[in-house]
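First the structure, in the form of structure tokens, and then the observations on it.
All of the numbers you see were taken from the coordinates with simple rules; none came from a lab. None of the values given here were measured: they were computed from a predicted structure. Cβ sites come from the backbone with ideal geometry, for glycine too, and all protein chains shown count toward neighbours.
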Amino acid sequence: MSNTHVKLIAPELSQLWTDYLSDTLISCFLKHFEQHVQDGQISSIIRSRIEVTEQHITFIKDQFDAIGYPIPVGFNENEDVDVKADRLFTDHYMIEFLRQLSHIFMQTYSTAVGFATRPDIYQFYVGRMQDAQQLNEQVTSLSIEQGVMTLPPALPIPHKPDFVKKKNFLTGWFGQRRPVTGMEITFLFSNIQRNALGGSDNDWLRSNNRI
């Protein structure tokens, strides 16, 4: 792919802008995690993620500086987080946070690769997608190894292929109900996991009379 233009196109610029904010926010989370994590394997992953995230932030800033684009107002550890504050999250929470993050990254960066036309931006997001896949493999394997991985439900094996025969398959809240499909189970399970991850923050705050 040759560099046929210098300007960042709208999808590239907007993705970089969004990533700058998310990366600076994630950096704050990770630096707080680093101060309190107890498990050595999880600690190693967190330290690696901090290094990679800082590299991403630097690359994005360089792209904005090169075209004279204002640096977005991101998050930073001096104003937005007290990394030495009391421990808020368990090690299990930290590894699940990273696993959910890897899911989001893989989806986001595959789209970014599809829209990128400038060679350096294309390679940047190819690298980020590969990095997200590696992170997902690391944290998934470790979660299974430590016995903290909640697996999705399994499906019974059908006796033969089947087809939708009636329109009421698409019935909403009314009418005869049907079993959920495999894809519906997938998305329900994913949403439950992500909601549980966010809800655990509030549970801790309530238990300590902080909200």
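A few remarks follow.
- Per residue, the chain reaches -22500 deg cm²/dmol at 222 nm when only DSSP H runs of four or more residues are counted, each adding -39500 (n - 2.57).
- Cα shape, the range 43-91, gyration tensor, a/c 1.5 rule: oblate
- Computed FRET value (nearest 0.05) for ILE144 with LEU25, which takes r as the C-beta separation and R₀ as 30 Å: 0.60
- Given the chain, longest segment not containing exposed loop chymotrypsin sites (Phe, Trp or Tyr not before Pro) (DSSP; at most 16 other Cβ within 10 Å): 1-162
- Spacing of the two label points (7 Å from each Cα toward its C-beta) at ALA10 and LEU151, in nm: 4.6
- For the chain, averaging the sequence separation of C-alpha pairs within contact (under 8 Å, six or more residues apart) and dividing by the residue count gives a relative contact order of 22 percent.
- Ascending count of other beta-carbon atoms within 10 Å, so fewest first, for LYS84, LYS61: LYS84, LYS61
- Taking every full run of DSSP H in the chain, the ones that stretch at least 15 Å from end to end by Cα along their long axis and average 0.0 or higher on the Kyte-Doolittle scale are 91-115.
- With contacts taken as Cα pairs under 8 Å at a separation of at least 6 residues, the range 102-150 carries a relative contact order of 41 percent.
- Neighbourhood charge, 15 Å Cβ-Cβ cut-off, centred on GLU54 and excluding it, Lys, Arg +1 and Asp, Glu -1: -2
- In the chain, a dipole from Cβ-located charges (positive for Lys and Arg, negative for Asp and Glu) runs towards its positive end, and of ILE185, TYR20, THR171 it is THR171 whose Cα lies farthest in that direction.
- The region of the chain that goes longest without hitting one of the GluC sites (Glu not before Pro) in a DSSP loop, each with at most 14 other Cβ atoms within 10 Å, is 80-211.
- Ranked list, fewest to most other Cβ atoms within 10 Å of each Cβ, for LYS160, LYS166: LYS160, LYS166
- Extension gain (nm, one decimal) between ASP82 and ILE185, 0.36 nm per residue minus Cα-Cα: 33.2 nm
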